[in-house]
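Undergrad: What follows is a single structure, and I will ask about it in a moment.
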Amino acid sequence: MNEQNKTAEQVIEDYSRRKFLGTSAAVGATLAIAPGITLLDMAQARPADQAASSKNRWGLLIDSNKCATGCDDCVSACFKENAIKEGKKETDSQWIRKIELKDMQSGRTSSLPMMCQHCAEPPCVDVCPTGASFKRADGIVLVDRHICIGCRYCMMACPYKARSFVHEELTDQNPDVPRGKGCVESCTLCVHRVDKGEQPACVEACSSSGKNAMIFGDLNDPNSEISKRIAETATTQVRADLQLNPGVRYQGI
Amino acid sequence: MKIINYREIEGRSSGFLILLAILGLLALLGLGSAHYMEEHGHVVTGMTNQIVWGIPHVFAVFLIVAASGALNVASIGSVFGKSFYKPLAPLSALLAIGLLGGGLTVLMLDLGRPDRVIVAATHYNFKSVFAWNVFLYSGFFGAVAIYIWTMMDKTVSSYTKPAGYLAFVVRLLLTTGTGSIFGFLVARQFYDSALLAPMFIIMSFSYGLAIYLGVLMASYKWTNRPLGDAVINRLKNLLGVFIAAVLLLVTIFHMTNLYFTKHHGVEAFILLNGGIYTSLFWLGQIILGSLVPLVLLYAPGISKSRSAIAFACGLVILGGLSQMYVTIIGGQAYPLVLFPGYQESSSFFDGVVHNYSPSLPETLLGLGGMAIAGIIVTLGLKVLRFLPLSLADSVADPHAK
Amino acid sequence: MRILTIQPKGLWRFALLAAMLAVGVMPPAYADGAVAPSRVPVPHIEIGKGDKCVADEEFMRKNHMKMLMHHRDETVHEGIRTTQYSLKNCIECHASKKNNSVLGSNENFCQSCHSYAAVKIDCFECHANKPKATGAFHPVVAGAGQVSGLGAAMRKEMHGDADKTLSTGAAK
């Protein structure tokens with residue numbers, strides 16, 4: 001049979017088989033390198049043809065003590081990376097926002113970025129009628145816009161007000177970050193960067209501003225910086241009473 | 001029991017055509033608005049990322065709740081075996097289908113991607129209350145359609161009772177599901193309550209019966225068919241009981257919330273200082289929607305007046321819409337509490353009461369849903385035999401001399 | 001990263017491909033490059049930098065939507081980001097040299113056939129219709145063709161083993 005006459009199913013099957021062979025080849029190649037480097041490689045960038053794995057759980061640790069009131073580098077970086085129009089209308093999307101807190105008893109103020117908390121038990125996923133809201137194997141909570149019908153039930157269910165609905169037609173999207181009118185969206189933890197072994201844009205911006213208030217890493221890897229920090233210091237989950245086990249943790253609040 | 005003759009309404013009078021024309025125009029305006037909203041996005045509505053469900057949902061949820069309630073009259077006849085209600089059953093089932101059709105139309109046309117509504121039928125998340133409702137809605141349509149069939153076709157009339165039971169069970173599940181859409185929103189201060197499901201069921205009894213009674217009186221008056229006091233008095237007394245039951249559930253709901261300190265904020269917002277929501281609660285829902293109708297239905301002297309009863313039905317419907325507005329929009333207007341004990345502020349309107357003013361298109365969409373319900377019922381009455389020729393006391397009342 | 005399949009060899013194939021695409025739905029008798037005049041208007045397609053497609057073009061014409069659908073689910077839900085059947089990769093190659101987009105006029109790659117066949121494309125409500133802009137790449141500037149040529153050459157360098165992979169697949 002030649003390629004010409006193949007059905008899509010056959011090609012798709014071939015494609016999967018190639019993918020499988022490719023994966024084993026890649027693993028073989030990786031094993032050939034010295035053991036130390038192998039580990040590093042695996043942690044840095046997953047091969048493009050390999051699915052996200054539940055061996056990882058990506059998360060953030062945010063130190064409110066280091067987060068400065070008035071600084072919104074993380075927010076601008078997010079908007080730039082995801083091609084979100086800078087706007088502060090009630091209908092505009094905000095995947096990440098700075099919240100200023102004031103303790104009503106003591107008057108102590110603090111500042112922190114708030115975004116999708118990438119819960120282990122996400123209410124948005126529970127309520128989504130079509131399954132468009134889903135949690136990836138590595139813990140990143142996403143919206144599959146291909147099957148999102150725009151009912152906004154997830155926005156009603158999210159305890160963190162982390163989701164936005166696209167109210168207007170969009171243009172000039174980032175090719176890596178498709179987004180458009182009529183669907184719900186939220187922080188993707190810069191999944192397109194994470195898949196390449198990079199850090200989310202907000203974390204990178206926070207580091208380059210010298211504040212280092214945000215750490216990104218694998219909560220499942222006991223040797224990652226984020227896991228070590230969480231094991232050492234007291235951290236907070238926002239709305240811990242709901243027991244959603246968010247992937248984003250806070251310090252200093 | 002006397003033999004009941006059901007007949008189509010004539011449907012040729014100018015009044016009938018005018019009614020249909022008005023409903024048709026409203027429905028067209030609604031559909032046009034939906035198209036406009038789809039073209040431009042929800043930016044042309046008053047809905048925002050803070051108030052994500054707006055006036056279309058007020059109408060849609062009201063209609064869906066009322067749909068299951070409208071079936072009650074039929075259920076009393078079939079499930080509870082009250083033969084007095086049997087002649088009233090076909091209209092009850094027709095109203096149920098019409099109201100649900102109108103409500104679902106609004107709900108679907110308000111989606112961000114109404115073009116993809118079929119996805120809701122091809123992709124299911126079985127943990128979602130919404131997905132359950134997709135089954136409940138279609139199940140309700142099916143059950144009520146079968147029920148109507150068994151009532152109208154003499155050859156299958158022996159199945160009327162089981163069909164009536166089925167419809168009754170599905171309608172209870174449907175309203176439970178609708179209430180649970182809100183009841184299961186654990187994160188929101190105003191919704192996190194299992195009480196919402198029974199409360200929605202009682203609300204459905206009240207709204208559905210008010211609509212039923214209003215439509216019954218209007219159609220008999222406009223077709224010059226006799227409608228005796230026996231029927232009217234039973235239904236209006238029942239309506240009064242349902243209104244009182246809603247009041248009881250509403251009281252329990254708020255009292256429970258008031259017992260929890262963490263809910264004091266949102267309760268104060270709804271009951272005391274929420275502006276439009278407080279006014280709609282006290283004036284719309286409680287006074288005009290419940291207390292005044294109770295007076296109109298029971299006060300000696302006026303309670304026999306047909307106009308007073310019709311007016312009471314209208315008030316219950318308006319009160320129901322107010323209650324939906326307070327529940328759906330008021331519940332969202334109060335800001336989510338992310339950090340209890342802290343004052344929150346952000347560029348995303350954390351910690352402040354959210355604004356909402358319904359725009360014209362979305363309001364027209366909601367009204368369009370009402371009109372579609374009206375069209376289904378009006379045309380249904382014309383093409384099929386839903387209405388007894390006479391409900392005069394001598395026909396309808398088994399105790400009549 | 002083995003799957004991308006831009007290959008320098010076989011210019012004649014490119015010419016044939018262009019001819020076939022240009023005649024679109026013409027009967028095979030005319031597909032040898034000699035475009036016969038027809039009373040039926042056919043879509044005129046600008047294929048951009050398209051050199052050799054990731055699969056046989058006859059096949060792609062019929063099945064691209066299935067490939068895209070399959071790939072989309074893998075990418076969104078599993079994070080598999082291979083390029084062979086990714087929409088992003090289609091756009092990388094097939095964006096017009098004139099306006100750097102697959103949409104815009106009835107000659108642009110996606111729009112030409114879709115408007116001809118009257119099939120609505122839903123992709124670009126959300127997906128960018130332009131390749132990713134890099135620092136050096138300015139879409140509307142006259143020299144864009146050169147720059148994209150360079151980009152294509154770089155990809156060839158990077159994915160030199162691509163043909164091997166594809167032919168393995170094709171041989172089965």
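Undergrad: Inside 10 Å of the C-beta atoms of A:233-240, what's the mean count of C-beta atoms belonging to other chains?
TA: Mean shielding by partner chains, rounded to a whole number: 1.
Undergrad: Next question. How high is the FRET efficiency between B:Ala194 and A:Lys85 when r is their beta carbon distance and R₀ equals 51 Å, given to the nearest 0.05?
TA: For R0 = 51 Å, the calculated efficiency reads 0.80.
Undergrad: Please arrange B:Ser78, B:Ser158 by accessible surface area, largest first, computed with a 1.4 Å probe and ligands excluded.
TA: Most to least solvent-accessible, the answer reads B:Ser158, B:Ser78.
Undergrad: Same structure, new question: Pairs A:Lys66/A:Lys196; C:Lys66/C:Lys88; B:Lys127/C:Lys66; C:Lys62/C:Lys88; A:Lys98/B:Lys127; A:Lys98/C:Lys130: which exceed 22 Å Cα-Cα?
TA: Listed pairs above 22 Å: A:Lys66/A:Lys196; B:Lys127/C:Lys66; A:Lys98/B:Lys127; A:Lys98/C:Lys130.
Undergrad: Rounded to the nearest 5, what % of the DSSP beta bridges within region A:58-251 are antiparallel ones?
TA: Working: 19 of 23 bridges.
Antiparallel: roughly 85 percent of the beta bridges in region A:58-251.
Undergrad: Sticking with this structure for a sec: Scaled to the compact-protein estimate 2.2 N^0.38 Å, what is the alpha-carbon radius of gyration of region B:271-347, rounded to two decimal places?
TA: Working: Rg = 17.5 Å, N = 77, 2.2 N^0.38 = 11.5 Å.
The reported ratio for this selection is 1.53.
Undergrad: Find me the longest stretch of chain B that has none of the exposed GluC sites (Glu not before Pro), where exposed means in a DSSP loop (not H, G, I, E or B) with at most 16 other Cβ atoms within 10 Å.
TA: B:11-401
Undergrad: Check each residue of region A:126-148 and keep those whose accessible area, probe 1.4 Å, is at least 30 Å² smaller with all protein chains in place than in the chain alone; give them in order of residue number.
TA: A:Asp126, A:Pro129, A:Thr130, A:Phe134, A:Arg136, A:Asp144, A:His146, A:Ile147
Undergrad: Then there's this: Residues of region B:342-370 with amide nitrogen under 16 Å from the 7 Å Cα-to-Cβ point of B:Leu28?
TA: Residues passing the 16 Å test: B:365, B:368-369.
Undergrad: Here's another thing I want to ask about it. Please express the Cα-Cα pair-distance distribution P(r) of chain B as a list of whole percents, one per 20 Å bin, running from 0 to the bin with the greatest distance.
TA: The percentages, shortest bin first, are 27, 58, 15, 1.
Undergrad: List the residues, sorted by chain then number, that are 5 or more residues from A:Arg249 or on another chain and whose placed amide H is less than 5 Å from its amide H.
TA: A:Leu60, A:Leu61, A:Ile62
Undergrad: Nearest 500 deg cm²/dmol is fine: what mean residue ellipticity at 222 nm does chain B get from its DSSP H runs of n ≥ 4 alone, each adding -39,500 (n - 2.57), divided by its residue count?
TA: Estimated from H runs of four or more residues: -20000 deg cm²/dmol.
Undergrad: So which chymotrypsin sites (Phe, Trp or Tyr not before Pro) in region B:217-325 are both in a DSSP loop and have at most 13 other Cβ atoms within 10 Å of their Cβ?
TA: Answer in residue order: B:Phe260.
Undergrad: I need the Debye-formula profile for region B:169-276: one equal scatterer per C-alpha, no solvent, reported as log10 I(q)/I(0) at q = 0.13 1/Å, two decimals.
TA: The computed values of log10 I(q)/I(0) come out as -0.63.
Undergrad: Just checking the output field for B:31-40: average partner chain Cβ neighbours within 10 Å of each residue's Cβ?
TA: 1
Undergrad: Could you provide, to the nearest whole Å², the per residue accessible area of chain B with probe 1.4 Å? Mind showing how you got there, number by number?
TA: On the way: 15850 Å² over 401 residues.
Spelled out: the 1.4 Å probe surface of chain B, per residue, equals 40 Å².
Undergrad: To the nearest 0.05, what FRET efficiency results for A:Arg108 and C:Glu107 with a Förster distance of 56 Å applied to their C-beta separation?
TA: 0.30
Undergrad: Tell me the relative contact order for chain B as a rounded percent, counting alpha carbon contacts under 8 Å between residues six or more apart.
TA: 33
Undergrad: Which value, in square angstrom to the nearest 100, describes the accessible area buried between chains A and C on both sides, using a 1.4 angstrom probe?
TA: For chain A against chain C, roughly 3500 Å² becomes buried.
Undergrad: Here is a follow-up. Between A:Asn220 and A:Gln243, take the C-beta separation as r, use R0 = 22 Å, and let me know the FRET efficiency to the nearest 0.05.
TA: For R0 = 22 Å, the calculated efficiency reads 0.70.
Undergrad: Still on this structure, please answer the following. Enter the buried accessible area of the B/A pair, total of both sides, probe 1.4 Å, in Å² rounded to the nearest 100.
TA: 4700
Undergrad: Might you work out the accessible area of C:Met60 for me, using a 1.4 Å probe with all protein chains in place, and round it to the nearest 10 Å²?
TA: Looks like 20 Å² after rounding.
Undergrad: What is the distance, in nm, between label points placed 7 Å from the Cα along the Cα-to-Cβ direction at B:Phe260 and at A:Ala45?
TA: With each label placed 7 Å out from Cα toward Cβ, I get 4.9 nm.
Undergrad: Select from region B:159-206 all residues whose loss of accessible area on going from the chain by itself to the full protein assembly reaches 40 Å² or more (probe 1.4 Å).
TA: Those are B:Leu185, B:Ala187, B:Arg188, which lose 40 Å² or more relative to the chain on its own.
Undergrad: Can you give the percent of C-alpha pairs in region A:58-251 whose distance is more than 22 Å?
TA: Result for the distance tail: 46 percent.
Undergrad: Counting pairs of alpha carbon atoms under 8 Å apart in space and at least six apart in sequence, what relative contact order in percent does region B:76-168 give?
TA: 32
The values are calculated or read from the model by the stated rules, or taken from the named source; none is laboratory data. Owing to the predicted nature of the structure, the values given are computational and were not obtained by experimental measurement. Note that each Cβ is placed from the backbone with ideal geometry, even for glycine, and that neighbours are counted across all protein chains shown. Protein only, heavy atoms only, side chains kept; ligands, DNA and RNA dropped before computing areas. Shrake-Rupley method; radii C 1.70, N 1.55, O 1.52, S 1.80 Å.
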